[in-house]
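Asks: Handing you a structure now.
Every read-out reported here was derived from the displayed coordinates using simple, explicitly stated rules and does not represent laboratory data. If you're wondering where the values come from, they're calculated on a predicted model, not measured in any experiment. We place every Cβ from the backbone using ideal geometry, glycine too, and count neighbours over all the protein chains shown.
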Amino acid sequence: MNFKRKTKTGFTLIELLIVVAIIFIVFALSVVSFRFYEKKSTLNNTVKEIVAVLKSAQNKTLASEGNSKWGVYFDSGQNRFILFKGSEYNPEGAENEINEISERIEISALDLAGGENKIVFKRLTGETDQFGSVSLRLKENPAEIKTIYIENSGQIFSSLPVNPDDESRVRDSRHFHFDLGWSIQNATTLKFNFIDSGQIKTQDMVAFFNGDKTEFNWNNEEEPFVIDEANQIFKIHTHYLDGANTVLCIHRERGENQNNQEVFIYIVDGGVDKEIAHYFADSGDSIAKGFYVSSFEPQ
């Protein structure tokens, strides 16, 4: 007697339900990721729009368009910014160009000299007395912040300000900018923890601020740290500093046998060791930002 084995074909109901559930989960995750990307793109585009309008105001001023200065007014209450003609903002000005900010975004901080809500540029030079920063953030994710920096010279930066003409750089160094998201004006000490050797070097910071604590500039080129018979040379200075934020620049000398030490760099502020940078022990001098840094990037 011959028996033929029946071959099972198709899917059971449970298998179909599992497949449907997996598809649903993948779809849900994709939607969430897309929405976050869309919101972040909106934030980035808004920053670009503000920078473009600021530069437009500056260019109009330099060109003496309308025989006048031009500026940009930030209306936090109405969540918008306005290009205007003249030294003072007039809500009824005929030349006003109103730019609405997406309801997803808000102006989280407006830190301009003199407590101003506007930035006006000077004729002939393009400089401004209302220097400082403007920060925006996503309402649904307050940690997602973008900052625009406006310097007294009139330079405008949509991310971290850089100075390609800085002749005081340490040559042959790895050069990074650190946007701390907090002010170092009350900081007291720099601390360098060289992991492999177990040595800790400290440096008092107070003497290296300028009078109003809007600049910090220190280096140890004359008296390098000597770790395992190799000189460790650093330069740390600010590209931006006020009572609310700091953009810090760290250079590390990369000469022969001088870039292979693992080291953590801290700023002691309010008695707290705030980690700023972590250099790894490799020939490429790899670096990671510390816990107390909002963002960083190479120049």
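Asks: Given points 7 Å out from each Cα along the Cα-Cβ axis, report the Glu144 to Gln199 separation in nanometres with one decimal.
Replies: 4.5
Asks: Hey, another quick one. Holding the Cα-Cα limit at 19 Å, pick out from Lys146/Lys289; Lys69/Lys118; Lys139/Lys274; Lys40/Lys139; Lys191/Lys289; Lys60/Lys118 the pairs that are longer than that.
Replies: Lys139/Lys274
Asks: Sticking with this one: Hey, what does the equivalent ellipsoid look like for the stretch 173-298, semi-axes from the Cα gyration tensor as sqrt of 5 times each eigenvalue, largest first, whole Å?
Replies: Result for the stretch 173-298: semi-axes of 23, 15, 13 Å.
Asks: Something else now. Within the set of other residues whose C-beta is less than 9 Å from the C-beta of Asn245, count the net charge using Lys and Arg as +1 and Asp and Glu as -1.
Replies: The answer is -3.
Asks: Oh, and also: Under 14 Å from the Cβ of Gln199, count the other residues' Cβ atoms, weight Lys and Arg +1, Asp and Glu -1, and hand me the total.
Replies: Residues near Gln199 contribute -2 overall.
Asks: Where Lys and Arg each count +1 and Asp and Glu each count -1, what net charge lies around Ser135 among other residues with Cβ under 14 Å from its Cβ?
Replies: -2
Asks: Can you compute the label reach from Asp129? Point 7 Å from Cα along the Cβ direction, backbone N cut-off under 12 Å, restricted to the stretch 77-116.
Replies: Those under the cut-off are 87-88, 113-116.
Asks: Related question: Binned at 5 Å from 0, what are the whole-percent values of the Cα-Cα distance distribution for the stretch 29-157, short to long?
Replies: Percent of pairs per bin, in order: 2, 11, 21, 23, 18, 11, 7, 4, 2, 1, 0.
Asks: Please work out the C-alpha center-to-center distance from the stretch 66-112 to the stretch 201-242 and express it in whole Å.
Replies: Going from one Cα centre to the other spans 39 Å.
Asks: Which FRET efficiency value, to the nearest 0.05, is calculated for Ala281 and Thr189 with the Förster distance at 35 angstrom and r the Cβ-Cβ distance?
Replies: It comes to 0.90.
Asks: Let me ask another. Would you mind calculating the gained length between Ser294 and Val19 on full extension (0.36 nm times residue separation, minus the Cα-Cα distance), in nm to one decimal?
Replies: Computed gain between Ser294 and Val19 is 94.9 nm.
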